[in-house]
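Below: the structure, in structure tokens.
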Ligand SMILES: NC(=O)c1ccc[n+]([C@@H]2O[C@H](COP(=O)([O-])OP(=O)(O)OC[C@H]3O[C@@H](n4cnc5c(N)ncnc54)[C@H](O)[C@@H]3O)[C@@H](O)[C@H]2O)c1
Ligand SMILES: [Fe+2]
């Protein structure tokens, strides 16, 4: 058996009121001025004032960069680096979904190491540590507030590249459910499906361990119990708070277990068709599980328990099938489209998507060995 490392390197402050802890926490770390990295959706939802108020109350200075866009491109990272330098900051505070958090992570790498973001694709491809980084997640998906990844789009290649290193994990994550009540239902649904995909791919990964399972399995339980209610009403504080926890818990799990072909395919599908990341995952997840099942029946049988989708006497195979069925049910109830064709995707880019799928390090750890032809067939089934 191989030796696995497991460490939650981010301190997580969670609960209503966590945002008020930002100022005191950063002041205690000696920060004089940080760059707040966010997007226009966060600004118009009115989510910045509680953050900046907390900084002001603790005499921590700040500048704001609020032009992050979904599926952020390398030019946005360069703009954040420039803003950080011109305001002479000593730390980064990301407020938003995975897009804002990942931009802050990637900018941190470039601030400390120079060059451009494309220089740092892959695992541990940089020398110097990032400036101190803090995260306030406002979606219920990526877990980027605790993960070792940043995903940035290279428009010249229509490619979503990943920077990977344990040193990308933020120092502190502030999980405050009061920051989530402005989430529209479709963003809860998409990002919640991203979190579920992390946890399920994490469970079926050959790199899973009892430690990663503890996190990924509990995330699946929280999502199966809370995602419907959170989509129905993001002001349901129990449901949305549990989804916020689930996304972060799955982040801890999958940062260690890594993922599989759903994410390897979802990145190029999203890059070519400009679909939200969680939606790409949702469209692919059941079809990839149909394909992977014979390579991970015992793990899927365990997943079924978290969906309450078993009854005594079922075989492992039946339980594994029940897990996939439970995921299909959940997706249909929260309004996920039944196929890529339903939202206008065609097979035009399939060849390129297959090629880009194999650029992901997650293909090699998929529970079932996979060929280019297999990926093409899964794409056609999802179409
Ligand atoms: N780093 C990782 O480990 C990791 C893992 C999975 C995905 N990703 C990446 O993260 C990105 C997706 O992040 P995401 O799914 O969190 O979405 P996002 O950050 O792109 O945000 C989606 C939209 O929701 C809005 N929004 C966010 N919070 C809101 C709130 N509380 N109220 C109202 N509106 C709000 C944003 O303004 C934006 O318009 C993708 O680029 C994906 O590839 C990263
Ligand atoms: Fe994801």
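The values are calculated or read from the model by the stated rules, or taken from the named source; none is laboratory data. Computed from a prediction, not measured in an experiment: that's the story for all the values here. Using ideal geometry, Cβ is built from the backbone for each residue, glycine included, and neighbour counts are taken over all protein chains shown.
Out of curiosity, is residue 156 outside the structural domain of residue 297 (by TED's automatic domain parsing), over 16 Å from residue 247 (Cβ atoms) and within 16 Å of ligand 2 (Cβ to nearest atom)?
No: the conditions fail for residue 156.
I need the full set of residues from region 220-239 which are surrounded by fewer than 24 Cβ atoms within 10 Å (Cβ to Cβ), part of a helix (DSSP H, G or I) and within 14 Å of ligand 1 (Cβ to nearest atom), in order please.
Listed by number, the list holds a single entry, 237.
Failed condition for residue 121, given (1) under 18 Å from the mean Cα position of the chain (by Cα); (2) away from ligand 2 (no atom under 16 Å from the Cβ); (3) in contact (Cβ under 8 Å) with a residue 60 or more places away in the chain, with all others met?
Tallying (1) under 18 Å from the mean Cα position of the chain (by Cα); (2) away from ligand 2 (no atom under 16 Å from the Cβ); (3) in contact (Cβ under 8 Å) with a residue 60 or more places away in the chain, residue 121 fails exactly one: (3).
Out of all the residues in region 201-211, is one or more free of Cβ contacts under 8 Å to residues at least 60 places away in the same chain and within 12 Å of ligand 1 (Cβ to nearest atom)?
Yes - at least one qualifying residue is present in region 201-211.
Can you tell me which residues in region 106-145 are part of a helix (DSSP H, G or I) and either near ligand 1 (Cβ under 10 Å from one of its atoms) or not assigned by TED's automatic domain parsing to the domain that holds residue 175 (or both)?
Hit for region 106-145 is 106, nothing else.
Considering each residue of region 83-105, count those that are under 20 Å from residue 145 (Cβ atoms), assigned to a helix (DSSP H, G or I) and either away from ligand 2 (no atom under 16 Å from the Cβ) or not assigned by TED's automatic domain parsing to the domain that holds residue 149 (or both), and give that number.
2
Just give me the residues in region 248-267 being away from ligand 2 (no atom under 11 Å from the Cβ) and assigned to a loop (DSSP other than H, G, I, E, B), in sequence order.
The answer is 258, 260.
Can you name the helices (runs of 4 or more DSSP H) wholly within region 268-383 that have at least 1 residues being more than 28 Å from residue 228 (Cα to Cα)?
Because the criterion is at least 1 residues that are more than 28 Å from residue 228 (Cα to Cα), the helices (runs of 4 or more DSSP H) in region 268-383 that meet it are 350-357, 372-382.
Out of the residues in region 148-179 meeting the condition of being assigned to a loop (DSSP other than H, G, I, E, B) and touching a strand residue (DSSP E or B) at 6+ places or on another chain (Cβ under 9 Å), tell me which one is surrounded by the fewest Cβ atoms within 10 Å (Cβ to Cβ).
If we take residues in region 148-179 being assigned to a loop (DSSP other than H, G, I, E, B) and touching a strand residue (DSSP E or B) at 6+ places or on another chain (Cβ under 9 Å), then 171 is surrounded by the fewest Cβ atoms within 10 Å (Cβ to Cβ).
Condition check: within 16 Å of ligand 1 (Cβ to nearest atom) and either closer than 30 Å to residue 273 by Cα or not in a helix (DSSP H, G or I) (or both). Does residue 46 satisfy that?
Yes: the conditions hold for residue 46.
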